[in-house]
Amino acid sequence: MPNQLDTTDGGPASANRFERRRARTRQALIAAARQILAETGETSASIQEIASRADVGFGTFYNHFETKNDLFDAAVGDALEEYGQLLDSVTEGIDDPAAVFAASVRLTLRLAASHPEITQILRLRGLPHINAATGLGPRALRDLEIGRASGRFTFADPLVALSAVGGALIGLLQLNSARDLGAEAGEQMAEMILRMLGLPADEAREIAARPLPDLP
């Protein structure tokens, strides 16, 4: 019976099932917190409300998070990581860091319609996470540093540039939530960001108006 250890309680298969269930429960709590953040932007929901949305027991919460703040931080990080992965997948065929930035800015407005939960969280809670270790921040910093090393961008401090770009992007989402901006606003913002990063006006305008890659 070579597989006996894999089917008895306490064996490898049992441990794997436990870890999968644990991971699913944790993700359910994060998903519930993401929904709340997208709806209200607030973290005042009770642990009981969060657990009910996640369809888990109240006490289960503390098997995964010590505090509500820990959960909501994880929820923001989860949303921004998903957002960053999505932009990476759409722009992976673009070699020019200036074109990557322009496409990312313009796609952000499109994603506000197709992925409202993520963009709401970015708009309402993204600013404090600009310098986080995961999500959009490190990806934008990566592309900024590539652009500077290649001579495309001419800023002095990448972190200052990241703050400027991140603030502009969140500000654009904030304006879009109030006015339902069209595609032209994305092109204008992309052009302004490229000019801020050191590109000549004519080139920035041309790059910002290029056809966008398809969203998945």
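The values are calculated or read from the model by the stated rules, or taken from the named source; none is laboratory data. None of these values were measured; they are calculated from a predicted model. Glycine gets a Cβ as well: all are built from the backbone with ideal geometry, and neighbour counts include every protein chain shown. In case anyone asks, the SASA skips ligands and DNA or RNA and just uses the protein heavy atoms, side chains included. Shrake-Rupley method; radii C 1.70, N 1.55, O 1.52, S 1.80 Å.
Shown here for segment 51-142: GluC sites (Glu not before Pro) in loop regions (DSSP other than H, G, I, E, B) with at most 12 other Cβ atoms within 10 Å, namely Glu66, Glu92. Hydrophobic, long helices, defined as DSSP H runs whose alpha-carbon span along the helix axis is 15 Å or greater and whose mean Kyte-Doolittle value is at least 0.5, occur in the chain at 97-114, 158-179.
Solvent-accessible area assigned to carbon and sulfur over the chain amounts to 51 percent, based on a 1.4 Å probe. Under the criterion of Cα pairs below 8 Å and six or more residues apart, the relative contact order for segment 18-95 equals 33 percent. Protection proxy ranking for 119-125, 84-90, using the average of other Cβ atoms within 10 Å per residue and placing the highest first: 119-125, 84-90. Using the average count of surrounding beta-carbon atoms within 10 Å as a protection proxy, the listed peptides 165-172, 100-107, 15-22 rank, highest first, as 100-107, 165-172, 15-22.
In this rough spin-label picture, where each label sits 7 Å from Cα along the Cβ direction, the Ala201-Ser89 distance is 4.0 nm. If only the Cβ of Lys and Arg carry +1 and only the Cβ of Asp and Glu carry -1, the dipole of the chain around its Cα centre is close to 320 debye. Just one of (1) 49, 46, 27; (2) 45, 38, 32; (3) 69, 45, 32 is Cα extents along the principal axes in Å calculated from these coordinates, so which is it? Answer label, from the structure shown: (3).
Note: relative contact order over segment 106-216, using C-alpha pairs below 8 Å and six or more positions apart, is 30 percent.
Relative contact order, whole percent, for the chain stands at 20, derived from Cα pairs under 8 Å and 6 or more residues apart. Among Pro116, Pro158, Pro128, the largest mean-square fluctuation in a Gaussian network model of the chain, built with springs joining Cα atoms closer than 10 Å, belongs to Pro128.
Once the 1.4 Å probe is applied to the protein heavy atoms, the chain comes out at 53 Å² accessible per residue. Comparing Arg152, Arg179, Arg139 in a Gaussian network model of the chain where C-alpha atoms under 10 Å apart are linked, the largest mean-square fluctuation is found at Arg179.
Placing unit charges on the Cβ atoms only, positive for Lys and Arg and negative for Asp and Glu, gives segment 54-124 a dipole magnitude near 360 debye about its Cα centre.
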